Every structure is written in structure tokens, then in C-alpha cells.
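The values are calculated or read from the model by the stated rules, or taken from the named source; none is laboratory data. As the structure is a prediction and not an experimental result, all values here were calculated from the model. Counting neighbours? That spans all protein chains shown, and the Cβs are built from the backbone with ideal geometry, glycine included.
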Amino acid sequence: MDSWLQELIRLLPEGASYLGALFLVSFFESLPLIGLLMPGSSLIVFAGFLAFHDKGTFTQLFLIASVGALTGDLISFWLGSRYGSTLLKMRWFQRKHQMVKRAEQYFVDHGGKSIFFARFIGPIRGITPFIAGISGMSGRSFCYYTVISSLLWGLSYPGTGYLGGHSWEKAQGLSLRFGLLLGAALIATIIHTWVKRNVKGEEGRSKEKGER
């Protein structure tokens with residue numbers, strides 16, 4: 001183990017304090033706007049790298065990261081459903097007007113799937129559950145998507161760090177490849193949605209012409 005890594009592990013808190021810090025990282029990254037200030041995904045990947053070097057266990061990290069992400073999403077959704085209209089008038093949200101609009105459009109275009117994919121897209125990770133709450137999405141549907149995405153996030157991000165545990169450069173490379181894979185899946189979903197919408201539009205117009 002490199003000396004810098006040994007020194008870092010020595011400086012980090014132990015036991016419950018360390019796990020509590022990881023929970024907070026995952027939690028705060030999932031909150032609207034606050035998540036923009038928290039490089040949670042990078043820190044959780046690094047925590048997976050540290051788990052390979054016996055700083056905690058991967059099982060603990062998976063559970064803590066998943067629960068933190070899920071809790072943050074649920075709080076974000078609740079804030080949107082209860083106080084969304086009021087909060088959007090605050091200067092803090094007004095300064096991020098374009099990002100809020102982007103998240104709104106993303107949610108309109110993709111519905112429940114937006115909750116899943118937004119978990120892996122930094123800029124709109126915390127704001128999309130908030131928008132879902134404002135939009136009146138049912139809590140049951142929201143929980144379905146957010147539980148799946150939180151578990152996958154809690155497994156994959158620490159997992160890339162753990163699998164690349166022999167060197168931090170390798171862990172970063174795996175994280176980048178995973179991000180590219182998700183990006184490809186997102187693009188495929190967007191194309192599928194666009195094609196489906198346009199095909200339905202053409203069918204509707206053809207039907208109207210036939211009735212005339």
C-alpha cells in the first residue's frame with residue numbers, strides 16, 4: 001500500500017463516525033441544489049477504493065450509500081410536494097432557473113424513468129425528485145423508481161472504486177467507463193422516447209385524415 005494511502009486511512013475517522021460521514025455525503029448529494037456543492041459520487045467511488053484497502057467493508061459501504069441516497073431522494077420529493085411552489089420563489093432557486101427548467105423538461109419527457117436516470121446525472125440528481133414532488137407524482141411510483149436507482153447507485157459507484165482498488169487511476173478509469181455506459185443507455189432511452197412520440201403523432205394525424 002502506498003504511503004499516502006496509509007496516511008490518509010490513518011487520518012480518517014473510524015467505525016460509526018466514518019460510516020456516518022459516508023451517509024451524509026450520499027444524503028446531501030441527493031438534496032436539491034445542495035447536491036451541486038457535494039461531489040458525492042467521486043467521494044463514494046473513493047470510499048470503494050478505500051474499502052479494497054480494508055477501510056470498512058464493501059457491504060457496509062453499499063448499505064450506507066444506498067440508504068443515504070434513498071433518504072435524500074425521499075426528502076427532496078417531500079420538499080417538492082409540500083413546499084415546492086414556495087421554495088421555487090426563493091432567490092437560491094431563482095439563480096438556478098435554467099437547471100430547474102431542464103429538470104422539469106426531463107421529468108415531463110421521461111416520467112418515472114427520469115427518477116432512475118437522474119440519480120446518475122450530477123447536475124439534476126437532487127432537483128429531479130423535487131420536481132417530481134411538485135408535479136404530483138404518486139409516492140408509490142416515485143418509491144419504486146428511487147429504491148431501484150439508489151440500490152444500483154450504492155452498488156455501482158463504490159463497486160467501481162473497489163474493483164479498481166489496485167490503483168486509483170484504474171478506479172477512475174472504471175468509473176469513467178461506467179459513466180459512458182450509462183450515458184449510452186440514457187441516449188438510447190431519449191431516442192426511443194422521441195421515436196415513439198413521433199410515430200404516435202404520425203399515426204394520429206393519419207387517422208384524422210382518414211376520418212375526414
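Determine the pairs where a residue that is more than 18 Å from Leu37 (Cβ to Cβ) and without any contact (Cβ under 8 Å) to a residue 24 or more places away in the chain, located within segment 99-126, has a partner that is of a type in the set (Val, Ile, Thr) and surrounded by 18 or more Cβ atoms within 10 Å (Cβ to Cβ) with Cβ atoms under 6 Å apart, the partner being 6 or more residues away or on another chain.
Here the result reads Ser114/Thr128, each pair linking segment 99-126 to a residue that is of a type in the set (Val, Ile, Thr) and surrounded by 18 or more Cβ atoms within 10 Å (Cβ to Cβ).
Using the structure shown, decide if Ser42 is among the polar types (S, T, N, Q), in a helix (DSSP H, G or I), within 15 Å of Phe120 (Cβ to Cβ) and under 15 Å from the mean Cα position of the chain (by Cα).
Values: among the polar types (S, T, N, Q): yes; in a helix (DSSP H, G or I): yes; within 15 Å of Phe120 (Cβ to Cβ): yes; under 15 Å from the mean Cα position of the chain (by Cα): yes.
Here the answer is yes, as Ser42 does meet what is asked.
Could you list, in sequence order, all residues of segment 113-147 that are in contact with a Lys or Arg (Cβ under 9 Å, 6 or more places away or on another chain) and of a type in the set (A, V, I, L, M)?
Ala118, Ile124, Ile127
Any chance you could count how many residues in segment 18-72 are acidic (Asp, Glu) and buried (at least 16 other Cβ atoms within 10 Å of the Cβ)?
Pass one, segment 18-72, residues acidic (Asp, Glu): 29, 54.
Right, trim to buried (at least 16 other Cβ atoms within 10 Å of the Cβ) and you get 29.
Within segment 18-72, residues that are acidic (Asp, Glu) and buried (at least 16 other Cβ atoms within 10 Å of the Cβ) number 1.
What pairs come up if the first residue lies in segment 140-152 and is loosely packed, with under 15 Cβ neighbours inside 10 Å, the second is not in a helix (DSSP H, G or I), and their beta carbons are under 8 Å apart, counting only those six or more places apart or on different chains?
none
Specify the residue that is surrounded by the fewest Cβ atoms within 10 Å (Cβ to Cβ); the eligible residues are those in segment 126-139 that are over 13 Å from the mean Cα position of the chain (by Cα) and of a type in the set (Val, Ile, Thr). Before you say what the answer is, go through the steps one by one.
In the first step, residues of segment 126-139 are kept if they are over 13 Å from the mean Cα position of the chain (by Cα); the result is 131-139.
Subsequent filtering for residues that are of a type in the set (Val, Ile, Thr) retains 131, 134.
Numbers: Ile131: 28, Ile134: 21.
Filtering first and then ranking leaves Ile134.
Just to be sure before I move on: is Pro123 crowded, with 18+ Cβ neighbours inside 10 Å and within 14 Å of the chain's Cα centre (by Cα) in the structure I sent? Before the answer, list the steps.
On the way: crowded, with 18+ Cβ neighbours inside 10 Å: no; within 14 Å of the chain's Cα centre (by Cα): yes.
Considered against the rule, which asks whether it is crowded, with 18+ Cβ neighbours inside 10 Å and within 14 Å of the chain's Cα centre (by Cα), Pro123 comes out as no.
With the requirement that a residue be within 13 Å of Asp73 (Cα to Cα) and touching a Gly at 6+ places or on another chain (Cβ under 9 Å), what does segment 110-123 give you?
Those that are within 13 Å of Asp73 (Cα to Cα) and touching a Gly at 6+ places or on another chain (Cβ under 9 Å): Ala118, Phe120.
Filter segment 2-35 for residues that are among the hydrophobic types (A, V, I, L, M, F, W, C), modelled with pLDDT of 85 or more and part of a helix (DSSP H, G or I) and give the result. Let's see the steps before the verdict.
Here is the first cut: in segment 2-35, the ones among the hydrophobic types (A, V, I, L, M, F, W, C) are 4-5, 8-9, 11-12, 16, 19, 21-25, 27-28, 31, 33-34.
From what's left, modelled with pLDDT of 85 or more: 12, 16, 19, 21-25, 27-28, 31.
Within segment 2-35, Ala16, Leu19, Ala21, Leu22, Phe23, Leu24, Val25, Phe27, Phe28 meet the criteria.
In contact (Cβ under 8 Å) with a residue 24 or more places away in the chain, under 18 Å from Ser156 (Cβ atoms) and in a loop (DSSP other than H, G, I, E, B) - does that describe any residue in segment 45-59?
yes
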